[in-house]
Structures are given as structure tokens and as C-alpha cells.
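What follows is a single structure, written as C-alpha cells, with notes after it.
Coordinate-derived values only; no laboratory data. These figures come from a predicted structure and were not determined experimentally.
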Amino acid sequence: MNNHKCLNYGIFKNLLIQKVIWIVRHVNISSQNMNETINVVKRDGAKEPYLEDKVTRVAQAAGLRPIDADQLAKKITEWVDGTGLSEVTSLQIRDKVFEELEKMDKYASGLYAWYQNIKDKKYTSNK
């Protein structure tokens, strides 16, 4: 009976070690991805890190419910990550946000387009 317990303990120990190794590998991969900052190139050439929260705030300002704004921001983040680039322009993000808003909420996409149009006019008049 004692040998049986030792055998079960040995199997359990091996499984536990395998699980710990798997967790360590995946945590390291996740932390490496988190350190790979994607920069947003603004119209004036300035660069800033891409922030999903910023997309969420813009989507809420356009009229999306918080849960829908989070969903849209996650889609945009997946798209940004999927480009494989270290930089994307603010205009690329703007266009992608508009594209996704069109699918989700026509009213919110209209508000977003109106706001972006005002920003465009201010930007071109300041040049």
C-alpha cells in the first residue's frame, strides 16, 4: 500500500512539474509581448504608445455603451497587433475605428465621423 502511495505521488509530482514549466513558458511569452510597444504616429510626426483605453474612451464618447466600447477597442487592438508593425498611424487607427463603428452602431459612427471632420478642419487650418 505504501508503494502505491509513492507511485501516485511520483506521478502527481511529474504532472505538477510539467504544469509549472508550461505556466512559466507562457507567462514569459505574455510578458515579452507586453513589452513590445506599438507606437502611434500622430499627424505632426509625434509618437506615442498605442493604448487600448484611449480607443475605449473615444468609442464611448461617440455613444457606444461601455461594454460595446470595450469590445470595439479589443477588435482594434487585435488589428493593431495583427499588423506585425512597430508603428501605425493615427489615421489608420481612425479609419479602422470608423469601419468597426459602422458595423456596430450607425449613429455612433456618424458622431465619430462628424468629430473627426472637425478635427481635420482644425488640423489643416493650423498648418
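Just a few scattered comments:
- Each residue of region 54-71 was assigned a 3J(HN,Hα) from its phi angle through the Karplus expression (A = 6.51, B = -1.76, C = 1.60, θ = phi - 60°), giving 5, 5, 4, 4, 5, 5, 5, 4, 6, x, 6, 5, x, 5, 6, 5, 4, 4 Hz with x at Gly and Pro.
- The phi torsions of region 84-90, fed into the Karplus equation with coefficients 6.51, -1.76 and 1.60 and a -60° offset, translate into couplings of x, 8, 8, 9, 10, 8, 5 Hz, rounded to whole numbers, with Gly and Pro shown as x.
- When the Cα gyration tensor is reduced to axis lengths a ≥ b ≥ c, the ratio a/c is 1.5 or higher for region 36-126, and with a/b not above b/c it is classed as oblate.
- Net lengthening on full extension, Tyr107/Ala46 (0.36 nm per residue, minus Cα-Cα): 18.8 nm
- Net length available on complete extension from Lys54 to Glu99 is 14.5 nm, with 0.36 nm assigned per residue and the Cα-Cα distance removed.
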